[in-house]
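The values are calculated or read from the model by the stated rules, or taken from the named source; none is laboratory data. Please read these numbers as outputs of a predicted model, since none were measured by experiment. No Cβ is skipped: glycine too gets one built from the backbone with ideal geometry, and neighbour counts run over all protein chains shown.
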Amino acid sequence: MLHFRPIAVALVGLSCCVPLAAAEPVAWRAEEGFFKLPDGYSLGACSAVAVNGRGEIFVFHRGEHPILVFDSAGKFLRSWGDGVIGSSHGLRIDKNDDVWVTDIGNHRVMKFDREGKLLMSLGTGKPTDAEDGFNKPTDVAFGTKAEFYVTDGYGNTRVLKFSPSGALVHQWGTAGKGDGEFNTPHAIVIDRQGRLIVGDRENDRIQIFDADGKHLATWPGFAPYGLAQDRDGTLFVADGRAHQVLQLDAAGKVVGRFGREGTGPGEFSLPHMMTFDADGNLFVTEITGKRVQKLVREAGK
């Protein structure tokens, strides 16, 4: 059985404006051979994974058939995205089971239905810092009123807020190390309080904002390549430099570390985006490892 390793940390930096909740490290078991690829299919660098309301698992990778869909038992169902996706990065699924992707090859954010029908496309197809486009956008998060946010990303250093129809509402961020400044805003999620949690990757920190971009807090000490919240709202970080998954408490302190660099079960080779299924199991993509691992949450955890 694989476990998070509890660690002691010093209380540094800004705290969130919430009470500190007790957080116990989660115990996991790596399930080998979960995904069954059909003959002739192979995985490239795996950048993102998400689960819809039907339990279908969507894997986003850099290769042929860039979006692969599996059932809850890991059986292959379908694939799509050839000729549309330039280079995979982020993939998220909204409450309507629509699939949103960030394409760093075509500098676009696209929304599809679960079968791959294109519903919305944002961006010009070329890198830009203008309001009508992106420069290698990295991730998407959804607000409670169907508004959505995009981290943009590798070429730009900003977060953009859009209306449900895709109209730009607001943007913030410049290059730098200060509050509200970024060096590769790489991942984004929204917590139960409606706060934006942004992985500021190359600054080795997370920044917290309200829905309009007001800076609330900074949590330093790790390289947030991917962010995911479990059914209880606990935040997990894929630290791509440490090749570990970190579990944070409500104040952004690391309470557990899971994994190490390697290719074995429960080891990681540049972990990237992550997601949870309805049972609380964790799926972790790997860029150089070119795989997705399923980590089963042990009973009572």
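With respect to K177, determine if the residue is closer than 27 Å to Q193 by Cα and of a type in the set (D, E, K, R). When the stated conditions are applied, K177 passes them.
Within the stretch 284-301, being in contact (Cβ under 8 Å) with a residue 24 or more places away in the chain, of a type outside the set (S, T, N, Q) and surrounded by fewer than 23 Cβ atoms within 10 Å (Cβ to Cβ) holds for I287, G289, K290, R291, K294, V296, R297, E298, K301.
Checking each residue in the stretch 119-155 for being among the charged types (D, E, K, R) and in a loop (DSSP other than H, G, I, E, B) picks out K126, D129, E131, D132, K136, K145, E147. Regarding the stretch 251-274, can at least one residue be identified that is assigned to a strand (DSSP E or B), free of Cβ contacts under 8 Å to residues at least 60 places away in the same chain and under 17 Å from R92 (Cα atoms)? Taking every residue of the stretch 251-274 in turn, at least one turns out to be assigned to a strand (DSSP E or B), free of Cβ contacts under 8 Å to residues at least 60 places away in the same chain and under 17 Å from R92 (Cα atoms). Only one entry of S42, S47, S72, S79 meets the criterion of being among the polar types (S, T, N, Q), out of contact with any Ser or Thr (no Cβ under 7 Å at 6 or more places or on another chain) and in a strand (DSSP E or B), and that entry is S79. If you go through the stretch 225-272 and keep only what is of a type in the set (G, A, S), touching a Leu at 6+ places or on another chain (Cβ under 9 Å) and under 16 Å from D204 (Cα atoms), you end up with A238, G240, G252. Of the residues in the stretch 123-136, at least one is of a type outside the set (G, A, S), at positive phi and in contact with a Phe, Trp or Tyr (Cβ under 6 Å, 6 or more places away or on another chain).
From G13, G55, G105, G86, which residue is at pLDDT below 95, assigned to a loop (DSSP other than H, G, I, E, B) and either small (G, A, S) or within 30 Å of G155 (Cβ to Cβ) (or both)?
Details: G55 fails: at pLDDT below 95; G105 fails: at pLDDT below 95; G86 fails: at pLDDT below 95.
Exactly one residue qualifies, and that residue is G13.
Yes or no: G116 in a loop (DSSP other than H, G, I, E, B) and either of a type in the set (A, V, I, L, M) or out of contact with any strand residue (DSSP E or B) (no Cβ under 9 Å at 6 or more places or on another chain) (or both)? No. In the stretch 156-210, of all residues being in a strand (DSSP E or B), more than 16 Å from the chain's Cα centre (by Cα) and β-branched (V, I, T), the one that is nearest to P220 (Cα to Cα) corresponds to T174.
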